[in-house]
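Undergrad: Take a look at the following structure, please.
The values are calculated or read from the model by the stated rules, or taken from the named source; none is laboratory data. Note that the coordinates shown come from a computational prediction; the quantities given were computed from them, not determined experimentally. Cβ sites come from the backbone with ideal geometry, for glycine too, and all protein chains shown count toward neighbours. For accessibility, only protein heavy atoms count, side chains too; no ligands or nucleic acids. Shrake-Rupley method; radii C 1.70, N 1.55, O 1.52, S 1.80 Å.
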Amino acid sequence: MQPFALKPPMMSLRTTRARHWLLLGAMAAVGAAVPGRAETAEATIAKARAYLGSEAALSAVSSIHFVGTMQEFFGDDAKPVDSTVEIIFQKPYQQCIER
């Protein structure tokens with residue numbers, strides 16, 4: 001018994017064009033209905049910083065320190081090897097990543 005094969009639905013050229021115009025119209029309507037989408041990168045960053053805290057509090061942060069573990073796999077059938085990872089970011093533009 002042969003597997004059942006699905007055939008694409010037969011559409012006329014008129015139906016295809018109508019669907020394209022409908023999709024284009026829907027995309028234009030959604031784009032026009034969403035206010036403020038043309039926000040600049042600076043405005044987005046300012047909004048995110050305001051959510052986290054005041055400018056004075058954010059400017060007072062001089063470093064961030066992350067500590068965690070990760071699993072590494074060496075080779076195709078290797079067992080996972082656990083490693084400790086330490087990442088430090090410090091003003092101005094300094095970083096240290098240790099394993």
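Undergrad: Can you run phi through the Karplus equation (6.51, -1.76, 1.60; θ = phi - 60°) for the range 67-74 and list ³J(HN,Hα) in whole Hz, with x for Gly and Pro?
TA: 10, x, 10, 9, 10, 10, 10, 10
Undergrad: Enumerate the calculated ³J(HN,Hα) couplings along the range 54-60 in order (Karplus 6.51 cos²θ - 1.76 cosθ + 1.60, θ = phi - 60°), each rounded to whole Hz, writing x wherever the residue is Gly or Pro.
TA: Once θ is set to phi - 60°, the couplings for the range 54-60 become 6, 4, 5, 5, 5, 5, 6 Hz.
Undergrad: Could you state how much accessible area SER63 has, in square angstrom rounded to the nearest 10, with a 1.4 Å probe and all protein chains kept in place?
TA: The accessible area of SER63 comes to roughly 60 Å².
Undergrad: Modelling each spin label as a point 7 Å along the Cα-to-Cβ direction, I'd like the ALA50/ILE64 distance in nm, to one decimal.
TA: Placing both labels 7 Å beyond Cα along the Cβ direction yields 2.1 nm.
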